[in-house]
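One structure is given here, and the rest of the page talks about it.
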Amino acid sequence: MDTEKDISYILNELGEGRADYFNAVSPPIMQTSNFRVNTVKELKRLFADEYSGYLYSRGQNPTVDILRKKLAALDEAEDCLVFNSGAAAIFAAVLANVNAGDHIISVKNPYGWVKRMFDLIFSRFNVETTYIDGTEIGQFENARRSNSRFIYLESPNSWYFAIQDIEQVAAFAKKNRLISLIDNTYCTPLYQKPIPMGIDISMQTATKYIGGHSDTLGGVLTGSREMMKKIFECEYLAVGSGIQPFNAWLLIRGLRTFEARLERITATTREVLRYLKKHPRVESVLFPLDESFPQFRLASKQMKNAGGLISFFIKADSRQDIVHFCENLKHIMMAVSWGGHESLILPRCASLDDSDFDAMNAEHRMLRIYVGLESAEYLIQDLDQSFRSSF
Ligand SMILES: *Cc1c(COP(=O)(O)O)cnc(C)c1O
């Protein structure tokens, strides 16, 4: 086996220099804002190329470096940058690759704040975005204009799990000299590796599975060294949205158990899925690797597995039924986000008033469950008691 690509090696050893810090197993947190230089010559070199060394922690920091090396290796990418949130990572990647007057092609339901970024921020600089559902390559061809510069993908996304054919879109982007980015948060590099598939920039929010404990935010970009250096030298340094050493340390700690957690979550999710599919109150489920999923074949082709999110539609006559179901859960918490240790529920109808509820509209009856690290039995019992007491 190629050690450098071995997940156990990456999570436990890669990037660490234990001999440099008293052979401590856990790395120190280099909680420093700046670094002393010994000679003017060294200072001159760092001013000319801050990417190459330690000068100031808005740029490079040794604790962050350990994390960058591990995340780059997991993605089979040359290099990596880590930001203080997923949103910050996306913003920097787009900002670095579009100019005023350029055009973006994006999937139609990206993460909510990404849509706002395109519609409310980039539009002010005359950067227009065309949204397509992304299921057919012809849609990308039809959306392309002479000023198109950037393709934004998210596959699968986190409510409907819409999927794009990554290799096909990557080839289209290369042929037309467009920069492609994919939000790979759902799969993580353990279940999908977009860089070897030809994507320029792979993004994931470390807030979800990498951190894994619902205690820190972080955002990851991986890609060529040239692309990462370009983003570092302008957007990363100028906007100052890089991750702080302590948060980087928490993410390194999260990585130790990343594979083990995702394996358990994946197995438990299948049991919860089986339970939901059989329940008479459940009209249908959405899960990319379930045979009923509209893009099941493409999902099976390009994803190694699927993690802890399941969307499902319940049979309900009123919004209150769904409110009761969510509020009667004793262990599964109602909260945004996912990827942590704790199971979560999120009802789509939270943004509606009771009087707006339309039982004919399936989206009003849609919920998303995130399966955490609890046992399947514990979660199914909780769902079961709430189904029994809510309707
Ligand atoms: C949470 C999330 C983000 C944003 O990440 P933050 O760390 O919260 O900024 C982006 N994409 C997806 C798919 C997410 O779930």
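The values are calculated or read from the model by the stated rules, or taken from the named source; none is laboratory data. Not measured: the values here are computed from a predicted model. Here Cβ is always computed from backbone atoms with ideal geometry, including for glycine, and neighbour counts include all displayed protein chains. Ligands, DNA and RNA are stripped out before the accessible areas are found, and what is left, the full protein with its side chains, is counted by its heavy atoms. Shrake-Rupley method; radii C 1.70, N 1.55, O 1.52, S 1.80 Å.
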(request) Considering (1) more than 16 Å from the ligand (Cβ to nearest atom); (2) over 20 Å from residue 26 (Cβ atoms); (3) in contact (Cβ under 8 Å) with a residue 12 or more places away in the chain; (4) not hydroxyl-bearing (Ser, Thr, Tyr), say which one residue 253 fails and leave the rest. (result) (2)
(request) Kindly indicate whether any position in the stretch 169-186 is touching a Lys or Arg at 6+ places or on another chain (Cβ under 8 Å) and either near the ligand (Cβ under 10 Å from one of its atoms) or among the basic types (Lys, Arg) (or both). (result) yes
(message) Can you pull out every residue in the stretch 331-362 that is over 25 Å from residue 308 (Cα atoms) and charged (D, E, K, R)?
(response) 353, 354, 356, 358
(message) I'd like the residue in the stretch 246-268 that is more than 18 Å from the chain's Cα centre (by Cα) and crowded, with 22+ Cβ neighbours inside 10 Å and, out of all such residues, is farthest from residue 65 (Cα to Cα).
(response) 268
(request) For the stretch 42-56, state whether one or more residues are of a type outside the set (D, E, K, R), outside the structural domain of residue 126 (by TED's automatic domain parsing), over 20 Å from the mean Cα position of the chain (by Cα) and under 30 Å from residue 110 (Cβ atoms). (result) yes
(request) Mind telling me which of the residues 363, 291, 271 ends up being among the acidic types (Asp, Glu) and farther than 27 Å from residue 133 by Cα? (result) 271
(request) Starting from residues that are closer than 16 Å to residue 68 by Cβ and within 9 Å of the ligand (Cβ to nearest atom), keep the ones in the stretch 193-210 and report whichever is surrounded by the fewest Cβ atoms within 10 Å (Cβ to Cβ). (result) 205
(request) Determine, yes or no, whether residue 55 is modelled with pLDDT of 95 or more and either within 23 Å of residue 199 (Cα to Cα) or buried (at least 18 other Cβ atoms within 10 Å of the Cβ) (or both). (result) yes
(message) Every residue in the stretch 320-358 that is open to solvent by 30 Å² or more (accessible area, probe 1.4 Å) and within 16 Å of the ligand (Cβ to nearest atom), please.
(response) 335, 336, 337, 346, 348
(request) Mind telling me which of the residues 100, 96, 89 ends up being small (Gly, Ala, Ser) and out of contact with any helix residue (DSSP H, G or I) (no Cβ under 6 Å at 6 or more places or on another chain)? (result) 89
(message) Quick check on this structure: which one of 215, 183, 200 is in contact with a Ser or Thr (Cβ under 7 Å, 6 or more places away or on another chain) and at negative phi?
(response) 200
(message) Consider the stretch 122-158. How many of its residues are over 30 Å from residue 310 (Cβ atoms) and either open to solvent by 60 Å² or more (accessible area, probe 1.4 Å) or not assigned by TED's automatic domain parsing to the domain that holds residue 194 (or both)?
(response) 10
(message) Under 8 Å between Cβ atoms, which residue pairs at least 6 apart in sequence (or on different chains) link something in the stretch 93-112 that is at pLDDT below 95 with a partner that is among the basic types (Lys, Arg) and away from the ligand (no atom under 16 Å from the Cβ)?
(response) none
(request) For the stretch 266-280, indicate whether the set of residues that are in a strand (DSSP E or B), out of contact with any Cys (no Cβ under 9 Å at 6 or more places or on another chain) and among the small types (Gly, Ala, Ser) is non-empty. (result) no
(message) I want to confirm something. Restricting to the stretch 211-237 and keeping residues that are within 23 Å of residue 264 (Cα to Cα) and surrounded by 24 or more Cβ atoms within 10 Å (Cβ to Cβ), which single residue is farthest from the ligand (Cβ to nearest atom)?
(response) 212
(request) Would you confirm whether any residue within the stretch 288-310 is open to solvent by less than 30 Å² (accessible area, probe 1.4 Å), over 25 Å from the mean Cα position of the chain (by Cα) and modelled with pLDDT of 95 or more? (result) no
(message) Return the pair list, or none, for Cβ contacts closer than 6 Å from residues in the stretch 115-139 that are modelled with pLDDT under 95 to residues that are polar (S, T, N, Q) and open to solvent by less than 60 Å² (accessible area, probe 1.4 Å), at least 6 apart or on different chains.
(response) none
(request) Any chance you could count how many residues in the stretch 73-114 are within 11 Å of the ligand (Cβ to nearest atom) and open to solvent by 30 Å² or more (accessible area, probe 1.4 Å)? (result) 7
(request) Could you check, for the stretch 59-77, whether at least one of its residues is without any contact (Cβ under 8 Å) to a residue 12 or more places away in the chain and either under 30 Å from residue 248 (Cα atoms) or under 17 Å from the mean Cα position of the chain (by Cα) (or both)? (result) yes
